[in-house]
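Before any comments, here is the structure.
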Amino acid sequence: MDRRTFISSLAALAATSTGALAESRTIFNFNTGSRSSSSGGGSFFNRTRSGYRGKQTVSYRTSEKPGTIIISTRKRKLYFVLTNNKAIEYGVGVGRQGFTWSGAARIARKAEWPAWHPPKEMIEREKKKYGRTLPARMEGGPNNPLGARALYLYQGGRDTLYRIHGTNAPASIGTAQSSGCIRMLNKEVIDLHKRVKIGAKVIVS
């Protein structure tokens, strides 16, 4: 094999490998109940439909103590309370019509790359109403609708089945599409996960 043929073969192999890698990641999109390919790692963490530009520290007056999470479903914002009348403001996705909720809860558990276990009622509802077939269990990872981190909300020691979690559908941030859980960009739920303590109060309004 001469040098020119060898170089051409390497270029073809590189192109084939790049294409295979770009097509290799399949993402389960809970909004549509379908699996689709994604070739851009950046979009998995960053791209939103609402024009959300990322978390920021803002002035925020509240009687709640630092470390509390306050969620405004109307504004589609989550606030992590700091000292000195400040808070970190994150954009979130919230429950679609008929699936919103409000009240107070506590963070009882935190998980990294959590597995997803759709409740039986959700599986039946999605199949009957939307024709979507949800898996009984999905292991944690980039394909998982819960994304990179999850915070589990409990009331009176009982699991509410609501979560604050990442998402494999970043375009849903700033929208009302979920079944009641609070969605965040993966890089931002990773940040919140590091900050929040077990037992922290969560207020949803």
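Anything over 18 Å Cα to Cα? Flag those among 65/110; 55/187; 77/201; 110/197; 55/75, in the order listed. Checking Cα-Cα distances, 65/110 exceed 18 Å. Distance between the pseudo-spin-label points of residue 205 and residue 115 (7 Å out from Cα toward the beta carbon): 3.8 nm. Under 20 Å from a label point set 7 Å out along the Cα-to-Cβ vector of residue 65, the amide N atoms of the range 82-103 belong to 82-88.
Gain on full extension, evaluated as 0.36 nm per residue between residue 82 and residue 124 minus their Cα-Cα distance, stands at 11.0 nm.
Roughly speaking, what is the stretch gain from residue 72 to residue 57, that is 0.36 nm per residue apart minus the C-alpha to C-alpha distance, in nm to one decimal? The span from residue 72 to residue 57 would gain 3.8 nm if fully extended. Summing +1 for each Lys or Arg and -1 for each Asp or Glu among the other residues whose beta-carbon sits under 12 angstrom from that of residue 85 gives +1.
Throughout, read-outs are computed from the coordinates displayed, never taken from laboratory work. Owing to the predicted nature of the structure, the values given are computational and were not obtained by experimental measurement. For neighbour counting, all protein chains shown are included, and Cβ atoms are generated from backbone atoms with ideal geometry for every residue, glycine included.
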